[in-house]
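The values are calculated or read from the model by the stated rules, or taken from the named source; none is laboratory data. Predicted, not measured: the structure shown is a model, and the values here were computed from it. Glycine also receives a Cβ, built like all others from the backbone with ideal geometry; neighbour counts cover every protein chain displayed. All accessible areas refer to the heavy atoms of the entire protein, side chains included, with ligands and DNA or RNA removed. Shrake-Rupley method; radii C 1.70, N 1.55, O 1.52, S 1.80 Å.
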Amino acid sequence: MMEQLHFLRPLWLLALPAVLGIWWLLRTQRSPESPLGNLVAPHLRRALTIQHDTRTGFSALDSFTIALLALTLAAAGPAWRQQVAPWFEETAPLVIAMEVTDSMRSNDLAPTRLDRARFKALDLVAARTGARTALIAYAGSAHIVVPPTTDSAVLAGFLESLDPAIMPRGGNNSAAALPLALDLLGESASIGTLLFITDGFDSADIPALAAFSVNASAPAVAALVVGTDAGAVALLPDGKPVVGPGGGPLQTAIDTDLLRRVANETDVTLVRSEAGDADIRKLLRLIESNLLQADDPDAEWHDEGWLLLWPALLLVLYGFRRGWVLR
């Protein structure tokens with residue numbers, strides 16, 4: 001905050017020396033040690049001086065002077081934060097990279113992880129009315145489903161159509177979505193956000209995620225992790241369990257150790273899916289913070305001078321205490 005502190009109307013600061021100079025002259029003239037006091041003998045001056053022991057204390061003159069200094073600083077317009085234009089906030093771009101793999105068929109979150117992921121994506125889009133959102137689907141490969149759009153109905157229709165059966169390659173290659181996100185965001189990449197909605201990452205993708213997330217010209221990266229740590233059964237549309245690499249049912253437990261590696265070795269922000277909307281609110285704050293870190297050419301500095309009006313008012317009121325005069 002102090003690094004960005006400046007004054008919107010700095011010419012008012014020229015009044016500060018004048019206020020201090022007048023205060024010094026008035027305080028000197030009223031002092032018993034002033035040159036005028038030398039016209040009277042010291043023993044007579046002490047006898048004729050009322051409350052001479054308290055003259056060096058805090059007086060009404062001091063109170064009014066400090067209040068005037070505060071008002072002068074307020075008039076100078078101290079500012080340390082910018083007021084982002086409302087239209088700029090509404091254009092925070094977002095790319096949703098949805099994992100569409102067999103593990104997302106797990107029913108540990110009813111009805112399935114993939115359905116829960118769709119619901120969360122729709123809730124997020126609904127909360128970002130008027131903002132641009134793009135959609136990528138990935139498994140062993142990544143594909144653009146919807147380019148940036150503000151039409152939530154279009155996104156909803158394509159989200160409903162996502163199914164592991166339509167993906168050309170199996171696997172969980174989240175790194176394949178990174179270059180697509182850059183292309184979709186274009187010049188807005190630095191103020192955008194790439195959100196993975198997934199049940200986990202492949203350890204082979206960690207280096208690519210780490211390099212991407214620290215790139216200043218790339219979007220911020222977050223991940224909404226859907227699923228429980230224990231996992232459950234992943235069922236095909238015909239009710240049969242999905243067969244894993246070993247021939248048995250596919251293991252869908254969340255690899256929490258791998259998630260910790262992603263959190264520690266990359267700048268990807270991980271958010272665990274919750275039953276309510278707390279996870280959506282976290283993501284919204286993250287998307288907005290990514291935008292606010294950018295330089296809005298139309299942003300205006302917020303005048304914080306009003307904060308000084310309250311102490312100035314209290315000092316003025318303090319100066320009107322009973323029995324206290326301007327001396």
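Residues whose amide H comes within less than 5 Å of that of residue 269, counting only those at least five positions distant or on another chain, are 221, 222, 223 (H built at 1.01 Å from N in the peptide plane).
Taking a quarter of the surface of the Cα convex hull of region 95-184 gives a mean projected area of 5.4 nm². Averaged over residues, the count of other Cβ atoms within 10 Å places the peptides 224-233, 14-23 in the sequence 224-233, 14-23, highest first.
Got a sec? Which residues in region 5-24 would a label at residue 304 touch, if it sits 7 Å along Cα→Cβ and we count backbone N under 18 Å? Residues 5-10, 13 fall inside that zone. Under a 5 Å amide H cut-off, with hydrogens placed 1.01 Å from N, residue 199 pairs with 226 among residues at least 5 apart or on other chains.
Across the protein chains, with a 1.4 Å probe defining accessible surface, the residues 318, 138 rank 318, 138 from largest area downward.
Taking amide H atoms as placed 1.01 Å from N in the peptide plane, the amide H of residue 140 lies under 5 Å from those of 169, 170, 171, 173, each 5 or more residues away in sequence or on another chain. Per-residue 3J(HN,Hα) values for region 154-169, derived from phi via the Karplus relation 6.51 cos²θ - 1.76 cosθ + 1.60 with θ = phi - 60°, read 5, 4, 4, x, 6, 4, 5, 8, 6, 8, x, 5, 8, 7, x, 9 Hz in sequence order (x marks Gly and Pro).
Net charge of the neighbourhood of residue 233, taken over other residues with C-beta under 13 Å away and scored Lys/Arg +1, Asp/Glu -1, is +1.
Give the peptides 63-72, 264-273 in descending order of average Cβ contacts within 10 Å, highest first.
63-72, 264-273
For region 249-261, 3J(HN,Hα) computed residue by residue from phi via the Karplus equation (6.51, -1.76, 1.60; θ = phi - 60°) reads x, 5, 7, 10, 5, 6, 7, 5, 5, 5, 5, 5, 4 Hz, glycine and proline entered as x.
What part of the accessible area of region 157-276, given as a whole %, is carbon or sulfur when the probe is 1.4 angstrom? Walk me through the numbers on the way to the answer.
Working: 3130 of 5750 Å².
Carbon and sulfur atoms account for 54 percent of the accessible area of region 157-276.
Full extension of the chain segment joining residue 110 with residue 29 gains 20.8 nm, where the gain is 0.36 nm per residue of separation less the Cα-Cα distance.
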